[in-house]
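J.: Take a look at this one; I'll ask things after.
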Amino acid sequence: MIRRTPYRRATPDTSTGNNWALLGICARPDYTKRADELWWAPTSKRGALAEAIRLCHECPVRKACLDEAMRIEGSAHKERRHGIRGGLQPTQRRRLYEELERRRKAAA
């Protein structure tokens, strides 16, 4: 998981045993220097968002990152979702969560 509060740099959070975060592309020194530019770019910066999403799709721990984001964010309001996680933007993660919830309820 990448721990971040608005307007702060992302840092790998291994306090909960999520050592997979250290294996992510976003944890590499050359990308941590660009965290705000890439993973926390405003939606108006389409080039930066596209680069971040491309890097996420190449990342060896993408699924773990997305799973963690979905677990943490859950049904959180859009204002509590930030950055690119697991290759998805906040609104995409919200839609994915809602779809998974619909499927879960339909299967119950």
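Each reported figure results from applying straightforward, stated rules to the coordinates on display, with no laboratory input. Quick caveat: nothing in here was measured; it's all calculated off a predicted structure. All Cβ positions, even for glycine, are placed from backbone atoms using ideal geometry, and neighbour counts span all protein chains on display.
J.: When all C-alpha to C-alpha distances in the stretch 20-108 are sorted into bins of 10 Å, what percent of pairs does each bin hold, rounded to whole numbers?
T.: 17, 47, 28, 7, 1
J.: Taking a cut-off of 29 Å between Cα atoms, list the lysines near K105, but don't count ones fewer than 8 places away on the same chain.
T.: Within reach: K63, K78.
J.: For the modelled label position 7 Å from the Cα of A107 along Cα-to-Cβ, which residues of the stretch 51-91 have backbone nitrogen atoms closer than 16 Å?
T.: Under 16 Å, as judged by backbone N against the label point of A107, lie 67, 71 of the stretch 51-91.
J.: While we're on this one: Check cross-link reach from K33 to the lysines: straight Cα distance under 22 Å, and skip same-chain residues fewer than eight apart.
T.: K33 reaches K45.
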